[in-house]
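Visitor: This is the structure, below, for whatever I ask next.
Just so it is clear, none of the values below were taken in a lab; they were calculated from the coordinates. What you see is a predicted model; the values in this text were computed from it and never measured. Note: ideal-geometry Cβ built from the backbone for every residue, glycine included; neighbour counts use all protein chains shown.
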Amino acid sequence: MAKIDRINKVFDPNEAEPRLYNEWMSKGYFKPDETPGKEAFSIVMPPPNITGQLHMGHALDNTLQDILVRYKRMKGYSTLWVPGTDHASIATEAKIVEAMRKEGIFKEDIGREKFLERAWAWKEQYGGRIVEQLKKIGSSCDWSHERFTMDEGCSDAVKEVFVKYYNQGLIYRGERIINWCPHCLTSISNAEVEYEDQAGHFWHLRYPLEDGSGYVELATTRPETLLGDTAVAVNPKDERYKDIIGKMLILPLVGRKIPVVADDYVDIEFGTGVVKITPAHDPNDFEVGARHNLEIINVLTEDAKITEDYPKYAGMDRYEARKAIVKDLEEGGYLIKTEDYNHNVGTCYRCGTTIEPRVSLQWFVKMEELAKPAIEAVKDGRIKFVPERFEKNYFNWMNDIRDWCISRQLWWGHQIPAFYCDDCGEIVVTKDSEAVCPKCGKKMRQDPDTLDTWFSSALWPFSTLGWPEKTEDLKKFYPTDTLVTGYDIITFWVSRMIVAGMAHMDDVPFRDVLIHGLVRDSQGRKMSKSLGNGIDPLEIIEKSGADSLRFALVTGNAPGNDQRFQEDKIEMGRNFSNKIWNAMRFVIMNCEDDLDVSKADPSKFTLEDKWVLTGLNRLVSEATANFEKYEYGVALSKIVDFIWETFCDWYIEIAKSRLFDKECPTRLEAQYLLNYVLGVSMQLLHPFMPFVTEEVYSNLFLDGASESIMISDWPDADKIPSFPEDEKTMTILMSGIRSIRNIRAEMGVVPSRKAHVILVTADDTIAKTFTDGLPFLERLASVSSIDTQKDKAGIPATAVAAVFEGGEIYMPLEDLIDISKELERLAKEKEKIEGELKRVEGKLSNESFVSKAPEKVIAAEREKQAKYTEMYKSITDRIEILSKI
RNA sequence: GGGCGCUUAGCUCAGCUGGUCAGAGUACCUGCUUGACGUGCAGGGGGUCACAGGUUCGAGCCCUGUAGCGCCCACCA
């Protein structure tokens, strides 16, 4: 059976993709090449949460990483891509709690140990699922290096860091006002709060003075917190309230006596210039309270209900209480007026519940000092963001950094390695899993809280390489080279990794940060579960293959920009795969099974051979440059254009005459180049579309082919010959062919009818190119024969004309053509050329242009002028001749 | 309140350090059963590059301002 008969007519991704992936994996291609002397290249995968399944964001993120890694591997680096998953404490715990709730189980009922058993079972189930999904899109990561943020090594790193920071005084425990989620029942960090505008009200209240001399008016958006007011503040510079500073007020409904304090925090211009101070329920008030030593009265429970201390409102949630209190204030005559008011409200980024500022005992990381070297690393260019503009984003956050609240009232996560002695109050922070009180020798109780998920993610670039052990991996692969991630987690993750890298490794965690945007739906909306507008990458893969999906995600997109996901991009990818596949089939079809391409003789290369090689040479050097600059969208479109237009539409078509003529003396050279050029193209395309390219590559007849495209050497432009002169000649021939096609189409000349053509040109080289190129003309423009002459003598009036940059082409027609139609067409052509000519002449007649523009630019304009002048003359001549008939 | 981004053919988007940059795909119109592919081939129409100034010999590309949209950050009760 001939080779071609063993090749399917269409490429079937569902069959080929899993097969090829397993093959690559079993051959160990995803692992770093241990050959000595190879330079290392490494990246770590942003670990997907174990809560979910692959979504478009992951697909994009991993496609970009895979492109990068496959490119570097082919470039000859010993390449490591570390994959893994994140335990995602709050998100996972929420999911498990929710699942349990459906069964009627609450976590308090089963206890910590049983709960964690469930959580690990969850991890096994869903963590495994997402790994399988990552494989489906073709991720060439080293699965033998796979990690999990809560595995033994990562957990050890977490403890190491905690203890170290603690001993350095960079971690402390303290009672602060933090962001509390009444739904998740835990503290969250500043970064985890999302602000949104909400319509609300502004209630103007009057608080009576104790001495009965009147009242002060103030306004609040949260009247229910009045229960916890311990003062009212005014600005010390405010003349209006000078006299009441220090006086006491009677808190409405509660009857408590509270002082009027003076504090700069109060804005004289805003509202009435009087602010009620509730230190327990507002971060600003907390600070004011601290400055004035005010009592902190907590009036809300963990789930944001009024405490038992206020029997009338006890058990009401904050919104019910608000209504009730407003009603009571009104009835008591304390409410002056109510205004509509929009304000910014913080919400939990996980569940969307409005955050409740709450005073509680939490662990914090002091960030200011730690941030300094991290800021410096970006400032001095040791770390570069691509695109650069995101550095502003980073600096914005880092320059104004707050202490990081790292304790979470959750069970799923790294339990804080701090131990307390219930007897003497001693605190011990240690990596040991148990601790005994150094003072009273009693067994100590471990802090029940866990750490913020991002605390462990921050260590990812080195914890995954074995830190704190001094491993070979660390030595070889740290710092990693590029981090690929979305702009939405620069503050959460990127900044904290840089901080951690500088603090523990004394070096940057990565050199480049490649930032990508969001994948939105076709209408530009964020994909979300609630909108139900998400597109499942796995469905796309099932339908059209991973290559098509990857193509769609990369094509026509610039770094850092959001993109809309359009189904027709998938189709483009699928069509393109099909195009490549058929090009390969054509090539193989025209190669004998025992073909030995190494016997091809480069000295026999023809004009089109040299032309295609020149194009390939340029493509390799340009695309490589684009790869180096992370300009994947640009690289891809150049590669596609070359394959589709240069190779398929022109080179293959032209090569047909040589292939079909078994006696053709340069047939072997054509066969060689068809295989070679397609092979190199596949290598360039491989990072984008790994599967089809492997399949095509393996079928080609290549001299010195690698056993797999993915470990083949990246094409080197210096090894591909370039023939600029021949390229120019070929370009002219092509424009002649286009002219002929154009007149045929425009004049409605049936293409099947072979035509005789007369070329008028003064240039002998061009004349020869065309006569030699008759086979091309025959195949590509249905030309039966060609005459060349230097002037227009004897051109029949019944010929249609085309003017192109190499001269004029006439196609005499047997039947008299419609002269008016032809004149119309020529007039249109003339207009075009005239426009060009005018523009060029305008430039050249401009004194300052000629004197100031660079030599090269002027020369190019002059050349254009000469060309257009000639073309203009030709076309007006022709119009004149026809007009006389 | 500060910062950033976007506004280019009907649609979705590329356009690097200013001089073939006015492009691609798609949609549209006209042809094509040409021995790889109709998931294709050939030809064509379509944009004063949001608006107003400025710098320059020359500006989607640089500067200033305006408008619309989007995002990030920020303690104004």
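Visitor: At 7 Å along Cα-to-Cβ for each site, give me the label-to-label distance between A:K327 and A:D340 in nm.
Guide: Taking the two extended label points, one gets 2.4 nm.
Visitor: Dipole size in debye (nearest 20) for the range A:5-63 around its Cα centre, Lys and Arg Cβ +1, Asp and Glu Cβ -1?
Guide: Dipole size: approximately 60 debye.
Visitor: Say the dipole of chain A comes from +1 at the beta carbon of Lys and Arg and -1 at that of Asp and Glu; which of A:G127, A:H58, A:V274 then lies farthest toward its positive end?
Guide: The residue sitting farthest along the positive end of the dipole is A:H58.
Visitor: Same structure, new question: Starting from the eigenvalues of the Cα gyration tensor, five times each then square-rooted, give me the equivalent ellipsoid semi-axes of chain A, largest first, whole Å.
Guide: They are 71, 36, 24 Å, listed from largest to smallest.
Visitor: 7 Å from Cα along Cα→Cβ at both A:E239 and A:S603: what's the point-to-point distance in nm?
Guide: 10.4 nm
Visitor: Say R0 is 56 Å: what FRET efficiency, to the nearest 0.05, do A:S848 and A:E320 get from their beta-carbon distance?
Guide: Details: r = 77 Å, r/R0 = 1.37.
It comes out at approximately 0.15.
Visitor: Further question: Please compute the length gained on full extension between A:E653 and A:D264, using 0.36 nm multiplied by the number of residues separating them and subtracting their Cα-Cα distance. Present the calculation step by step, with values, prior to reporting the outcome.
Guide: On the way: separation 389, 0.36 × 389 = 140.04 nm, distance 8.09 nm.
My answer for the length gained is 131.9 nm.
Visitor: Cα centroid distance between the range A:437-509 and the range A:663-731, in Å?
Guide: The range A:437-509 and the range A:663-731 have Cα centres separated by 45 Å.
Visitor: Between their Cα atoms, which of A:K72/A:K569; A:K247/A:K305; A:K604/A:K656 are more than 21 Å away from each other?
Guide: Details: A:K72/A:K569 26 Å; A:K247/A:K305 32 Å; A:K604/A:K656 17 Å.
With Cα atoms farther than 21 Å apart: A:K72/A:K569; A:K247/A:K305.
Visitor: Then there is this: Given R₀ = 45 Å, what would the calculated FRET efficiency be for A:K579 paired with A:E388, taking r from the Cβ atoms and rounding to 0.05?
Guide: Details: r = 36 Å, r/R0 = 0.81.
With a Förster radius of 45 Å, E is 0.80.
Visitor: Rounded to the nearest 20 debye, what is the charge dipole size of the range A:706-827 about its Cα centre when +1 sits on each Lys and Arg Cβ and -1 on each Asp and Glu Cβ?
Guide: 500 debye
Visitor: Have a look at A:L607, A:G534, A:T771 and report the one farthest towards the positive end of the charge dipole of chain A, computed about the Cα centre with Cβ charges (Lys/Arg +1, Asp/Glu -1).
Guide: Result: A:T771.
Visitor: What span do the alpha-carbon atoms of the range A:145-270 cover on each of the three principal axes, reported in whole Å from largest to smallest?
Guide: 74, 36, 29
Visitor: A:Q198 to A:E39: FRET efficiency via 1/(1 + (r/R0)^6), r the Cβ-Cβ distance, R0 60 Å, to the nearest 0.05? Don't jump to the answer; show the numbers that get you there.
Guide: Details: r = 54 Å, r/R0 = 0.90.
Efficiency at R0 = 60 Å is approximately 0.65.
Visitor: Full-extension gain between A:E132 and A:M589, please, as 0.36 nm times their residue separation minus the C-alpha to C-alpha distance.
Guide: This chain segment gains 160.8 nm when fully extended.
Visitor: Taking a cut-off of 18 Å, what percent of all Cα-Cα pairs in the range A:424-541 are separated by more than that?
Guide: Working: 4697 of 6903 pairs.
Of the Cα pairs, 68 percent sit more than 18 Å apart.
Visitor: So, in nm, how far is label A:K543 from label A:V436 when the simple model puts each one 7 Å beyond its Cα toward the Cβ?
Guide: 6.6 nm
Visitor: Compare the Cα positions of A:L780, A:P18, A:S883 along the charge dipole of chain A (+1 at Cβ of Lys, Arg; -1 at Cβ of Asp, Glu; about the Cα centre) and return the one farthest towards the positive end.
Guide: A:S883
Visitor: Out of all DSSP beta bridges in chain A, what portion is antiparallel? Express it as a percent rounded to 5.
Guide: About 70 percent, rounded to the nearest 5.
Visitor: Moving to a separate point now. I want to make sure I understand the PRE zone here: with the label point 7 angstrom from the Cα of A:R564 toward its beta carbon, which residues in the range A:537-552 have backbone N atoms less than 19 Å away?
Guide: A:552
Visitor: Something else: Assigning unit charges at the beta carbon (Lys, Arg +1; Asp, Glu -1) and nothing else, what dipole magnitude in debye, to the nearest 20, does chain A show about its Cα centre? List each step's numbers first, then the result.
Guide: Working: 113 positive and 145 negative charges, 121 e Å.
With only Lys, Arg, Asp and Glu charged at Cβ, the dipole is about 580 debye.
Visitor: State the extension gain, in nm to one decimal, for the chain segment bounded by A:K372 and A:K828, taking 0.36 nm per residue of separation less the distance between their alpha-carbons. Provide the component values of the computation, followed by the final result.
Guide: Details: separation 456, 0.36 × 456 = 164.16 nm, distance 6.63 nm.
Working it through step by step, the gained length comes to 157.5 nm.
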